[in-house]
Amino acid sequence: MTFLSAAHGAAAGAAAAVDPLIQIRDLIYKNAGIFQADNKLRLLEDRCQKRMKALGVHSLRDYFDCLTIKPIRQTEMVSLLNEITIGETCFFRNRPQIDAIRKIVLPKIIEAKSKLALRQLRISSGGSATGAEAQTLDMDVLEEHLSRLRVGTVAILATALNEPTIAPAKAGSYGHYSTRHVEPLFLGNYFLLNGDKLKVKPDVQPAVSFSRLNLLDDACMLFIKGVDLILCCNVLIYFDAISKKRVIQHFYTNLLQHGYLFLGHSESLFGVTDEFRLVHLPSCTAYVKSEKRMADQLR
């Protein structure tokens, strides 16, 4: 055996020895910025096994081929991402945050917009899953502040990576678990009884649009401009530091100067960016654009 053939054989053997589960993990990270730590690999393998059973695939190596070289690779990546992301949420899940938005943040935003020619209120709800968060925001606007805006000037974009949640969100039909925190006043004003479920009234839904969005998709994120309020709760926990920086940079670019950014109660931008400044609200926190950063950009 020549030295060249021996080296080629060793390289081929090393490639074959690469754990396909690690390759799948790295592929997910490349596509969506979601990193599965070593202690999460068992969970990832369970999710892969579920997809493998649906496809009739018997090995992780063959499944990796399905994600990379087979014609179904794009649709299958979406299906796998649907498995590893959580698609559950509920109305008024974070009451202190919702109260702060209604009583403090929205009045400040509306006051700022009253001085602008374009008065449309634009809200982005990332990781919205079944749409309950976005519908909650719309009800808040309708309940407290719509009379102070021109009719038809509210637009709420609800996005999620988990594709199967989009259709139910558009339908606006929810079971008891999703609506367990809704107060009687809101139940009467904004829901209709639909069998054993509650359906959001038609006059609430037009302001909210739903779509699938990968927050690391630079091209798609470019189209979400001029936003007054961004909610992205319990989404950054899926990302590593590099991916977080990319997502937060998109938020900074898309948020207007008077805008607010809300994250999950366990999430923080500490050590991620200095483009946002933490503000303390009653029982919760939010972020606004750093004055120093904005001043530097105007120079």
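The values are calculated or read from the model by the stated rules, or taken from the named source; none is laboratory data. Not measured: the values here are computed from a predicted model. Methodologically, a virtual Cβ is constructed for each residue, glycine included, from the backbone with ideal geometry; neighbour enumeration extends over all protein chains shown. Note: accessible area is taken over every heavy atom of the protein model, side chains too, but ligands, DNA and RNA are not part of it. Shrake-Rupley method; radii C 1.70, N 1.55, O 1.52, S 1.80 Å.
Okay, here's what the table says:
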{"item": "Any pair with Cβ under 8 angstrom, 6 or more apart, that starts in region 194-214 at a residue that is under 27 Å from Ser79 (Cα atoms) and assigned to a strand (DSSP E or B) and ends at one that is open to solvent by 40 Å² or more (accessible area, probe 1.4 Å) and among the basic types (Lys, Arg)", "result": "Phe210/Lys170"}
{"item": "Pairs with Cβ under 8 Å, 6+ apart, first in region 116-138 and part of a strand (DSSP E or B), second modelled with pLDDT of 85 or more and acidic (Asp, Glu)", "result": "Leu121/Asp228; Arg122/Asp228; Ile123/Asp228; Ser125/Glu133"}
{"item": "Tabulated pairs, region 32-51, first outside any helix (DSSP H, G or I), second at pLDDT 90 or above and of a type in the set (Gly, Ala, Ser), C-beta under 9 angstrom, 6+ apart or interchain", "result": "Gly33/Ser243; Ile34/Ser243; Phe35/Ser243"}
{"item": "Residue list for region 253-268, restricted to those being over 26 Å from Leu118 (Cβ atoms) and touching a residue at least 24 places away in the same chain (Cβ under 8 Å)", "result": "Leu263, Gly264, His265, Ser266, Glu267"}
{"item": "Any hit, region 153-170, residues being charged (D, E, K, R), at pLDDT 85 or above and in contact with a Phe, Trp or Tyr (Cβ under 8 Å, 6 or more places away or on another chain)", "result": "yes"}
{"item": "Residue list for region 55-101, restricted to those being closer than 30 Å to Leu187 by Cα and open to solvent by 30 Å² or more (accessible area, probe 1.4 Å)", "result": "Ile86, Glu88, Arg93, Asn94, Arg95, Pro96, Asp99"}
{"item": "Any hit, region 122-135, residues being at negative phi, in contact with a Pro (Cβ under 6 Å, 6 or more places away or on another chain), among the hydroxyl-bearing types (Ser, Thr, Tyr) and open to solvent by 20 Å² or more (accessible area, probe 1.4 Å)", "result": "yes"}
{"item": "Boolean, Pro96 is under 30 Å from Lys53 (Cα atoms) and either under 22 Å from the mean Cα position of the chain (by Cα) or polar (S, T, N, Q) (or both)", "result": "no"}
{"item": "Condition check for Met77: more than 14 Å from Ile28 (Cα to Cα) and assigned to a helix (DSSP H, G or I)", "result": "no"}
{"item": "Flag if Gln297 is at pLDDT 95 or above and surrounded by fewer than 17 Cβ atoms within 10 Å (Cβ to Cβ)", "result": "no"}
{"item": "Ile242 open to solvent by less than 20 Å² (accessible area, probe 1.4 Å) and either within 25 Å of Asn31 (Cβ to Cβ) or part of a strand (DSSP E or B) (or both)", "result": "no"}
{"item": "Residue list for region 159-206, restricted to those being among the acidic types (Asp, Glu) and more than 13 Å from Glu143 (Cβ to Cβ)", "result": "Glu163, Asp196"}
{"item": "Verdict on Val279 being closer than 29 Å to Thr153 by Cα and either touching a helix residue (DSSP H, G or I) at 6+ places or on another chain (Cβ under 6 Å) or open to solvent by less than 30 Å² (accessible area, probe 1.4 Å) (or both)", "result": "yes"}
{"item": "Looking only at region 150-193, and only at residues there that are among the basic types (Lys, Arg) and out of contact with any strand residue (DSSP E or B) (no Cβ under 7 Å at 6 or more places or on another chain), the one that is least open to solvent (accessible area, probe 1.4 Å)", "result": "Arg180"}
{"item": "Members of region 92-115 found to be part of a loop (DSSP other than H, G, I, E, B) and either among the polar types (S, T, N, Q) or at pLDDT 90 or above (or both), listed by number", "result": "Asn94, Ser114"}
